[in-house]
1. Quick check, is residue 262 closer than 19 Å to residue 165 by Cα and without any contact (Cβ under 8 Å) to a residue 12 or more places away in the chain?
2. Every residue in region 314-336 that is within 14 Å of the chain's Cα centre (by Cα) and open to solvent by 20 Å² or more (accessible area, probe 1.4 Å), please.
3. Of a type in the set (A, V, I, L, M) and in contact with a His (Cβ under 9 Å, 6 or more places away or on another chain): which single residue out of 318, 283 fits that description?
4. Could you run through region 283-308 and say how many residues are open to solvent by less than 10 Å² (accessible area, probe 1.4 Å) and of a type in the set (Val, Ile, Thr)?
5. I'd like the residue in region 128-174 that is closer than 21 Å to residue 311 by Cα and of a type in the set (Lys, Arg) and, out of all such residues, is modelled with the highest pLDDT.
6. Criterion first (of a type in the set (A, V, I, L, M), crowded, with 24+ Cβ neighbours inside 10 Å, touching a strand residue (DSSP E or B) at 6+ places or on another chain (Cβ under 7 Å) and at negative phi) does residue 187 satisfy it?
7. Which one is modelled with the lowest pLDDT among residues in region 268-282 that are open to solvent by 10 Å² or more (accessible area, probe 1.4 Å) and part of a strand (DSSP E or B)?
8. Return the residue satisfying two criteria in turn: it lies in region 209-244 and is in a strand (DSSP E or B) and modelled with pLDDT of 95 or more, and of such residues it is farthest from residue 190 (Cα to Cα).
Amino acid sequence: MIRHLNRLYWLGYISVMFGLYWVLRHWFGVRADNSAVAAIGLVAGVLFAAHVGFNVSGFALSYSVRQIPQVRDKGLPFHSTEGEGFHRLSIPRWIKAVLIESFSSLKLITLLQPWAPNPDGIRLAGKTWRKKKPLPVLLVHGYLCNSAVWAGTRALLDRADVSTHAITLEPAIGSIRSYSEAIHEAIDELLVATGAPQVKIIAHSMGGVAVRFHATEYGHHRIAGMITVGSPHYGTALSTLGIGKNVKQMAWGSYFLKTLREHPTDREFQTKIWSLWSPQDNIVCPPVSSKLEHGKNTAVPGCGHVALLNDSTTEDLILNWLAEDAQAYPLAANRA
């Protein structure tokens, strides 16, 4: 769904470009080549400006929303706002964070999600002879995204000889509960393809919540560990700006998240989860909502919600995490 929707956007971009070209060429008498360059430049500039405006608003809301009593008084004492790092960023670093997030989100929506070739599926590690191999990784994307969001991460893991499986969760605006079966089947497929005893999971945004719910239905014995990147474990106050059942389930303090958090299996599973979060997250509001009560939490300051995925600190932490339990395991029969 998201892939087709993002491709439809391109019909709008191209229509506006042709319209601007026609106006410049026939109303103002601008040369054809100059009209084409100007039309493309104007559309690209407006798109980037729109992303900058959206992200500036997100960063501002993310900072201010923590002052709202409904957010502040949820009785979650470990969600202290002390040391979050907001006031330690200089103005140049804030500007850098906004620009990088804007480039990252623009690239994701206009290039990766609609046009990335074969983003779904399994990629097997090249060096099958290694005695100790990192466990294979399942990649689970977030709200209104598809598996193309993992383009940079998969390239990183390919270079590290890690087998990966990326899936696209459908329906895009359905219930988080409905994704459990797809996650279960993806784990099956990855274990069969690699012969590994367990998988690891890297999940972005909503994907982390979806895997946590999956664990309450299917258990977590086949999951050695999970890293969540910018996941709204306690919800986000910006959920009111989205559409769909899943985004409502991610509202700050929602009934869905409350019951998930109270499930005994979730408490067990949280001990396997490492949450990487940014104090400057422009989508998870307040950003501290990404912190887990029973899991491990590490702040990666100075990043927006999308840019956090491919930040150099995030990538280093992921590689070190995968190397921790590299082990010898037999190859699947179809790879022998």
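The values are calculated or read from the model by the stated rules, or taken from the named source; none is laboratory data. Computed from a predicted structure; not experimentally measured. Ideal geometry is used to build each Cβ from the backbone, glycine not excepted, and the neighbour counts take in all protein chains shown. Just so you know, the surface numbers come from the protein's heavy atoms only, side chains and all, with ligands and any DNA or RNA stripped out. Shrake-Rupley method; radii C 1.70, N 1.55, O 1.52, S 1.80 Å.
1. Criteria not met by residue 262.
2. 315, the sole residue that qualifies.
3. Working: 318 fails: in contact with a His (Cβ under 9 Å, 6 or more places away or on another chain).
Every option except 283 fails the conditions.
4. Number of matching residues: 3.
5. It comes out as 154.
6. On the way: of a type in the set (A, V, I, L, M): yes; crowded, with 24+ Cβ neighbours inside 10 Å: no; touching a strand residue (DSSP E or B) at 6+ places or on another chain (Cβ under 7 Å): yes; at negative phi: yes.
No: the conditions fail for residue 187.
7. Residue satisfying both the conditions and the ranking: 277.
8. If we filter region 209-244 for residues that are in a strand (DSSP E or B), which is where we start, we get 223-229, 236.
Narrowing further to those that are modelled with pLDDT of 95 or more: 223-229.
Details: 223: 11, 224: 13, 225: 15, 226: 15, 227: 17, 228: 19, 229: 21 Å.
Restricting to residues being in a strand (DSSP E or B) and modelled with pLDDT of 95 or more, the top hit is 229.
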